[in-house]
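A short reminder: the numbers here are calculations on the coordinates, not readings from a lab. Keep in mind that this is a model prediction, so the values were computed, not measured. Note that each Cβ is placed from the backbone with ideal geometry, even for glycine, and that neighbours are counted across all protein chains shown.
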């Protein structure tokens, strides 16, 4: 079975473009943190909007996601990264789900990936009987790496999300659960302003780029020879877009803060990163 070890992040030579984006996120993060107290009212309002932002055309599913997102936003300091807490969040997201495998999926449904020739190709998932052990290994590897001062959390977190998606632990809702896990990990590592932005919308808008990044990083995943860079870069792009949006609030009154439409999100994204794909 695939094992997880993120020690390679200590000494890996990263592409220059990825490093530049990492510095850009750090710069914007520091700038926003310096004036966070001055725009606290605005941040509180847009955080509420982010929590209430629909993530599905199904109002019931959106409501469940909002409940789970609010739980993380309000309690992330008390939600340790553990298998039990991931399962608890999933129960909020999908309260009627039952399984014979400790709450995980009980089938071998493959993940559909975009294909170069065919419309899509199948990415095989691990056997249901192996999911519990894989999830424990994943969480243990994360907790070991996150305490390593030589590993940058903004590089580590996308690796965890990719591996979670490749494990595909649940019957349904894995992508929504991955978004919640992304929110939790970012908040617990000092990037809590992300909860003020509906980053799920950026992910939805850039679905084609998400699919390509996932496919490129998942290649040879089962053999432990995959390259995380494409997915790390994609996650940094999403995070940058969130910080660019937050950077627009410079202490203006909440009533005057402009809302961002999907069209404007796309425009900002493509204008800032023309070579994103």
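Points worth noting:
- Of the peptides 201-210, 236-245, 167-176, 221-230, the order by per-residue mean of other Cβ atoms within 10 Å, starting with the highest, comes out as 236-245, 167-176, 201-210, 221-230.
- Extension gain from residue 207 to residue 80, taking 0.36 nm per residue of separation minus the Cα-Cα distance: 42.8 nm
- Counting 0.36 nm for each residue step from residue 189 to residue 66 and taking away their Cα separation leaves a gain of 42.1 nm.
- The simple Förster model, with R0 at 25 Å and r as the Cβ-Cβ distance, assigns residue 149 and residue 227 a FRET efficiency of 0.55.
- By the count of other C-beta atoms within 10 Å, a proxy for reagent exposure, 1, 13, 177 are ordered fewest to most as 13, 1, 177.
- Sorted on the mean count of surrounding Cβ atoms within 10 Å across their residues, most packed first, peptides 80-93, 181-194, 152-165 read 152-165, 181-194, 80-93.
- Residue 130-residue 14 pseudo-label distance in nm [points 7 Å out on the Cα-to-Cβ vector]: 3.0 nm
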